[in-house]
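Asks: Once you've had a glance at the structure underneath, I'll fire off some questions.
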Amino acid sequence: MLLETISGPSDLRALDYEQLGILAGEIRDFVVQAVSTANTGHLGSNLGVVELTLALHRVFDSPRDYLIWDTGHQAYVHKLVTGRRDMFSSLRQAGGLSGYPSRAESVHDWVENSHASTALSYAHGLSAAVKRSSHPGRHVVAIVGDGALTGGMAYEGLNNLGHSGSRVIVILNDNGRSYAPTVSRLSESLTRLRLHPGVNSARRRIESAVRDFPRVGSLAYSSLQGFYSAIREVIEPPAFFEALGVRYVGPLDGHDIAGMEQAFRQAAAFDGPIVVHVITQKGRGYKFAEEDEEKCLHDAASFDPAVGPTQSSRALKGYTLAFSESMLEIAEERDDVVAITAAMPGPTGLLPFQARFPDRFFDVGIAEQAAVTSAAGMAMGGLRPVVAVYSTFLSRAFDQANLDVGLHGLPVVFALDRAGITGDDGPSHHGILDMALCLKIPGMTIFAPSSAQELKVMLRSALDLSGPSVLRFAKTAARQVPSNQVGTGLSARRVRAGDGSVCILAVGKLLEPAEEAAALLADEGVEAALWDVRVVRPLDPIMIADAGRHALVVTVEDGIRNGGAGNFIADAIADLNAKRQSPPVLNLGVPTAYIPHDKPERILGQLGLDGPGIAASIFKAIDPAPGLRAPAYMGVEDRTSDRASIEADAASLS
């Protein structure tokens, strides 16, 4: 196989175009196989950039030249041809290959870019540094695709590139899922003509001669520029880019290696910012991805490559399914409820809502800031908007949530999927900041469901509030519980009575391991009280009063510990007991660190946030009688070691 002979980009330059075509097919087969066995991974986007990646690495000299991928989930082929083929067996597994570019993995990865629309600003900064360095000939190349150009930050970056005249090559990978102007033979021919050095030289000579015409030179030059503009407006889509001072060429066939190489070399010679627009097919070369109308198998769980992912493997599950069903039920009853998402109608469970209520559904693209402020406007106008995004992406719109929604006290509901430790996507996708951030927004009600049934009740409660609210829920499986284990309104729910020694206050999905911990403690003679907090703000005063009567209070959450729910609860207990000494509060949560990718339950276990880990921490904190030791299954020593190890590993990524 040709792929086995590729250990670095230089190996690609020895191949002829027939061999490159064979290699492209081998790469597609390899990627399908790798993703199918990795449990989950990004498939469609990587199948679409095979030829594009080969052309880039044949023209540019990585890592001397900077190749910046935006978004980073389209970089699997880049990883393959930069010496990481043998690592794909560990794709998205603990200690293995990241699903995004990773500076820790390779010198060929410059930016760990998993949040979209940032590459152009990185490129602007790198270009400024290159210009002032001892190697000003290094190229800066930003590959922008898979919807990244729908984000506002991308346009800010374009504006700065044009304003500064930065020497940056922007490869616009248009796979039909974002900016997609019409492709025609005329525009392809014109592109080749405009890129030709001889044509550009002739254009400059003509402009210079026209400008020097006696008396009418300036008028003639203006007329010539007007003619150029008119032609561009009629037969090309570059007017937008060139209005920002960025040269545009394209569109090109993103699967024609020779054509792209020629364009890239000529673009590299341009002294300023230039966009090279290439058209690619997302999911190319794999039948099941090409036939997936929704997202071209953008991501996929484990599957048999011969038959493709099954419908059941792609179906909504857990909390997301409960949210999706509840949105439909409520929208049938209330015509003021609308839904907003940022390029994720499928993953957030809103496709059924979109199909049933198309005029009440809004997808703003990868533009979380716009989503939140649009929701604020809708709420001002009397609607009840639900903004559905991943927890990790809410941080991109914190200012809007704080000042556009919070400051105005508007009834916007934030449905935050993938809250807490998410696992395979690594540090950029763990949803551990939302609780700490939202607690800083005055008047924000925060719901944390511990079951699918709780989520449905809470969504209705949130939509009845007069101000903003957050409903955060996990990516992992949702508990299914009977009606007598579901709370109401803004009240907490007492799960277990205790003996006054310990009171555990569990947030969201960590109620289940907290129940296990309480049972383990009971086996050792410690009867711990247990509450399902349900609503982190406003806290239930009855729950806080009960907790304050215990010798030790323990809070458990899967968000960041510093400034999170536990700290908020501790302050509430201290305020309630202002006239007498408050009990100590042990806050168990996620450390302030960048946590590497692994399975969620394994990470939580390493952090001591599973049943035995919680029990071990409590047993250690209650200072048992001399000679009494925690049982081995609680693993006090092991948990301490695991927590120290994962925090050290996380710190190495910082």
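Computed from the coordinates by the stated procedures, all read-outs in this text should not be read as laboratory data. Keep in mind it's a predicted model, so treat the numbers as computed, not measured. Don't worry about glycine lacking a Cβ; one is built from the backbone with ideal geometry, like all the others, and counts go over all protein chains shown.
Asks: Of K317/K456; K131/K282; K440/K509; K79/K282, which sit over 25 Å apart, Cα to Cα?
Replies: K131/K282
Asks: Still on this structure, I have one more. Multiply the residue separation of D86 and D523 by 0.36 nm, subtract the distance between their alpha-carbon atoms, and state the gained length in nm to one decimal.
Replies: Length gained, D86 through D523: 152.6 nm.
Asks: Could I ask something else about it? Could you calculate the contour length gain from T488 to Q19, that is, 0.36 nm times the residue separation minus the distance between their Cα atoms, to one decimal place in nm?
Replies: That works out to 162.3 nm of additional length.
Asks: Further question: Tabulate in residue order the Karplus-calculated ³J(HN,Hα) for region 118-131, using 6.51 cos²θ - 1.76 cosθ + 1.60 with θ = phi - 60°, rounded to whole Hz; enter x for Gly and Pro.
Replies: My calculation for region 118-131 gives 9, 4, 5, 6, 4, 4, 4, x, 5, 4, 5, 5, 4, 4 Hz in order.
Asks: How do M153, M87 line up, fewest other C-beta atoms within 10 Å first?
Replies: Ordered from fewest to most neighbouring Cβ atoms within 10 Å, M153, M87 come out as M87, M153.
Asks: Which order do the peptides 322-334, 445-457 come out in when sorted by mean C-beta neighbours inside 10 angstrom, highest first?
Replies: 445-457, 322-334
Asks: Let me ask something else about it. Can you check what the net charge comes to around G508, using other residues whose Cβ is under 14 Å from the Cβ of G508 (Lys, Arg +1; Asp, Glu -1)?
Replies: That sum, taken over residues with Cβ under 14 Å, equals 0.
Asks: How much length, in nm to one decimal, is gained on full extension between A497 and D61, taken as 0.36 nm per residue of separation minus their Cα-Cα distance?
Replies: Once the chain is fully extended between A497 and D61, it gains 150.4 nm.
Asks: While we're here: Mind giving me the nanometre distance, one decimal, between the label points for R580 and F240, set 7 Å out from Cα along Cα→Cβ?
Replies: It works out to 6.6 nm between the two label points.
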